[in-house]
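The values are calculated or read from the model by the stated rules, or taken from the named source; none is laboratory data. Given the structure is predicted, the values throughout are model-derived calculations rather than measurements. Heads up, the Cβs are rebuilt from the backbone with ideal geometry, glycines too, and the neighbour counts pull from every protein chain shown. All accessible areas refer to the heavy atoms of the entire protein, side chains included, with ligands and DNA or RNA removed. Shrake-Rupley method; radii C 1.70, N 1.55, O 1.52, S 1.80 Å.
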Amino acid sequence: MSANDPTTAHEEDHSGPIKTPKQLLLAVLFSFVVPVFAIIALVYYVTSDNKPAAGTGDPEKAVAQRIQKIGMVEIRDANRPLKTGAEVYAAQCAACHATGAAGAPKFGDAAAWAPRIQTGFEALWNSSLKGKNAMGPQGGGDFDDVEIGKAVVHLANAAGAKFAEPQKPAAAADAGAAAPAAQAAPAAAATPAAAVAPAAPVVVAAAAPAAASKAGVGEALYKQACLACHASGVAGAPKLGDKAAWAPRIQTGLDMMTASVIKGKNAMPPKGGSSASDADIRAAVEYMVSAAK
């Protein structure tokens, strides 16, 4: 038969791509292997979305962190001894103020601290509590407001200031309670044994020290818990001494104002974030009201 035989050409046109047993074996193998790998890849793709992100060891904790409220309340022991200014500085402030990092005035640099000292302790303390520039609120927030104030005094006095350290409200209350007792002892010693003091003068004499003690507690609590907002009007808080801002609030009465502070109002948390007693809260409200009259 010739090479151009029509019968041979017709058979070659209808022959498949598999011409040998080896080609058949490979075709069967790939027909099973390729679908298996495709199914594995599809399953991996579908289930990969349910895996925790890299570095998330505890999915439940990660979910709790994502859904937690913006603000939180931290309970601390109100009776613990306060750290000194030097201790707070070494633990929290030295990282920036020792080297001048992020524009922080260096410790002991009188030239850098001079214009800041001129603004006064209250302004410096307020800036430290609220945060300023690269410094976060409370310089990181690991200490009590009074301890932050002590650190401010430590920093400023090292550069030439003469600021006095702030005290806790309890310390002011103890001092106020001790003063009437100290005054009462000499008075009692000077009174003859046979003499009987009238009741009315005793009541009048005791009222003044009690009022002074109450005012001291209110002022101290204001500096500890209220100053951060009320000194500069943060988040709409009426500024201390602003008669126009305080007038409509004073008209509601002292009881209503105290109740608002205890429960919290707008951006202010209950009791201003402090653990003070209701009586001390009322004293702080009275202090701020008296400053606006």
**Report entry** Charge sum, other residues only, whose C-beta stays under 9 Å from Ala228's C-beta, Lys/Arg counted +1 and Asp/Glu -1
**Finding:** 0
Report task. Report, largest value first, the span of the C-alpha coordinates of the stretch 220-293 along each principal axis, in whole Å. Result -> 29, 24, 23
Query raised in the report: At a probe radius of 1.4 Å, what is the per-residue accessible area of Thr84, in Å² to the nearest 10?
Result: 70
